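We did not get these values from a lab; they are worked out from the coordinates using the rules stated. This is a predicted model, so every value here is computed, not measured. Positions of Cβ are generated from backbone atoms using ideal geometry, with glycine treated the same way; all protein chains shown enter the neighbour counts.
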Amino acid sequence: MIDRDPIPDDSTADDTALDDTALEVIASSLPELGPLDVHALYKLRVDVFVAEQDCPYAEIDDVDADPGTIHLLARAPDGAVVATLRVFGSDAGGGVMHIGRVCTTPAWRGRGIAARLIRRGLVLCRDRPVEIGAQAYLERWYEQFGFARCGPDYLDGRIPHLPMRRDLLE
């Protein structure tokens, strides 16, 4: 089922104010998205991760198509997809969830959209632990959501990353 909601105005001191509250968030598995949304999702990710970050690799993987993976897309008033992330993991036995492929188109960065998508993704993870592979320079940014480093730095392509985890909150 596709869930369409406006991004809530829940800014924190760590967010840059969003100057346009008319953004809509779509939460859906890939098979439920329309072809134009799938195209926009992949185009944004390829533009950011492959072209902008100069990491030539196959951006599309089997996690995307898994029916349990939920893609969050932030849509601007003109219909353009301006940010995205995906949430996946195991529902069995309170398994670990993952948030990844977090990106925002350059023209929409600095407005708190990714932070709002992260918070929405954490809601989807419910009370389960969440792991991410964060670009190293974003470690402090992810800490505001309760993530902490849980291992050594590593390279993903040529970009320094680090594993982070958010355990159950008390």
Ordering 23-31, 122-130 by per-residue average of other C-beta atoms within 10 angstrom, highest first, gives 23-31, 122-130
Simple spin-label estimate for residue 78/residue 39, 7 Å along Cα→Cβ, in nm, reads 1.7
Length gained if residue 52 through residue 136 is fully extended, taking 0.36 nm per residue and subtracting the Cα-Cα distance, is 28.5 nm
By the C-alpha gyration tensor axes a ≥ b ≥ c (rounded if a/c is under 1.5, else prolate when a/b exceeds b/c, else oblate), the shape of the stretch 20-149 is rounded
Computed about the Cα centre, the charge dipole of the stretch 45-170 from +1 Lys/Arg and -1 Asp/Glu charges at the Cβ has a magnitude in debye, to the nearest 20, of 520
